[in-house]
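The values are calculated or read from the model by the stated rules, or taken from the named source; none is laboratory data. Predicted, not measured: the structure shown is a model, and the values here were computed from it. Heads up, the Cβs are rebuilt from the backbone with ideal geometry, glycines too, and the neighbour counts pull from every protein chain shown.
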Amino acid sequence: MSRPQVGFSMHPRWIAGSTLAGFLGPLRTAGLEALEFGLDANDADWPHFEPMMYDCRLLGLDLCFHAPYKPPYTIAGFAGHERASIEGDYAAMLDVAGRFGDTTVVIHGAQSATRPQQELVADTVAFLRWALDRYPSLTLALENLVFDPDKVKIGADRTDVLRIVEEINDSRVGICWDLGHDVMNGCHDLPNQAWLQHICHAHLHDVSEHGVDHYPFNYGRVPIRSWLPALARAGFSGIASLELKGGQLASLELEQIMEMLVDSTSKAHRLLTTST
């Protein structure tokens with residue numbers, strides 16, 4: 001991949017009342033080229049995920065993945081006695097991504113309400129190094145996360161993410177820049193060049209007037225008009241996935257939802273491909 005691609009965070013429920021090709025058709029016309037699948041065996045629809053992945057590949061779409069992060073999944077403790085158990089939990093999911101060849105997997109850093117930051121950094125670094133060794137076809141993208149006053153979260157500070165990526169110093173470890181998370185954290189400035197040049201994946205979504213994220217670009221609270229062209233100018237050639245949550249749109253008619261998805265896809269594609 002030598003240029004940015006627009007992706008979409010896919011779930012089997014998006015195609016309720018339609019077909020896979022029928023749902024994706026308008027998005028592909030608007031510039032969609034890739035799909036991001038969450039990996040979580042506890043999702044009630046998990047049995048439908050892998051068959052859909054193969055169907056999407058047959059349609060000619062590139063795939064990327066998001067490692068599990070919702071409880072009971074956690075990488076906290078990976079550098080300690082919990083490693084074997086955590087390896088087993090995550091290997092079962094990352095093996096799925098590994099079956100699709102060279103691709104990217106988004107990773108959340110370790111987080112805990114009781115463990116100190118230094119331990120969580122060590123857990124995150126150890127996990128990334130283990131995944132690098134076990135999965136030679138995967139690129140790992142460490143994501144910036146939303147600050148939580150009740151937890152220490154590796155990723156809630158841009159500096160922590162960049163420091164870990166630079167410490168590992170491997171071409172298959174980069175940053176997943178979640179633009180909406182930055183805005184949720186009160187960051188409205190463009191990241192520095194060191195950060196931008198380490199980005200290998202991105203998550204795109206807007207933030208509502210009530211401070212809720214993972215919406216389409218309806219509110220204008222995430223500065224995509226300046227950030228996405230800057231990302232492209234920095235040499236970004238990965239997938240920028242629209243990471244939207246269907247539950248946020250449940251009160252709308254299907255036609256309205258589709259219009260929003262198409263509009264957001266079109267905006268992302270235009271801003272990433274007309275950066276000069």
Legend entry - Of the criteria (1) touching a residue at least 60 places away in the same chain (Cβ under 8 Å); (2) surrounded by fewer than 19 Cβ atoms within 10 Å (Cβ to Cβ), which one GLN5 fails: (2)
Inset, instruction - Show the residue pairs that are 6+ apart or on different chains and have beta-carbon atoms under 8 Å apart, the first residue being within the range 13-31 and more than 21 Å from ALA250 (Cα to Cα), the second being of a type in the set (Ser, Thr, Tyr). - result: ALA30/THR265; ALA30/SER266; GLY31/THR265; GLY31/SER266; GLY31/THR273
Inset, instruction - Please note which strands (runs of 3 or more DSSP E) are completely contained in the range 44-154 and include at least 1 residues that are over 20 Å from the mean Cα position of the chain (by Cα) and closer than 27 Å to HIS205 by Cβ. - result: none
Inset, instruction - May I ask you to list the residues in the range 8-43 that are part of a strand (DSSP E or B) and more than 18 Å from GLN256 (Cβ to Cβ)? - result: SER9, MET10, LEU32, GLU33, ALA34, LEU35, GLU36, PHE37, GLY38
Inset, instruction - Kindly list the number of the only condition in (1) among the aromatic types (Phe, Trp, Tyr); (2) surrounded by fewer than 19 Cβ atoms within 10 Å (Cβ to Cβ); (3) over 28 Å from GLU253 (Cα atoms) that fails for TRP46. - result: (3)
Inset, instruction - Just name the residue that is nearest to VAL146 (Cα to Cα) out of those in the range 210-233 that are part of a loop (DSSP other than H, G, I, E, B) and in contact with a Ser or Thr (Cβ under 9 Å, 6 or more places away or on another chain). - result: ARG221
Legend entry - Scope the range 13-69; condition of a type in the set (Lys, Arg) and more than 30 Å from ALA110 (Cα to Cα); matching residues: ARG28, ARG57
Inset, instruction - Kindly list the number of the only condition in (1) farther than 30 Å from ASP102 by Cβ; (2) surrounded by fewer than 17 Cβ atoms within 10 Å (Cβ to Cβ) that fails for ARG221. - result: (2)
Inset, instruction - Check the range 159-174 and report whether any residue there is closer than 22 Å to LEU63 by Cβ, surrounded by 23 or more Cβ atoms within 10 Å (Cβ to Cβ), modelled with pLDDT of 95 or more and within 15 Å of the chain's Cα centre (by Cα). - result: yes
Inset, instruction - From the list ALA131, ALA110, ALA41, ALA91, pick out the single residue that is touching a residue at least 40 places away in the same chain (Cβ under 8 Å), closer than 25 Å to LYS153 by Cα, crowded, with 20+ Cβ neighbours inside 10 Å and out of contact with any Gly (no Cβ under 9 Å at 6 or more places or on another chain). - result: ALA131
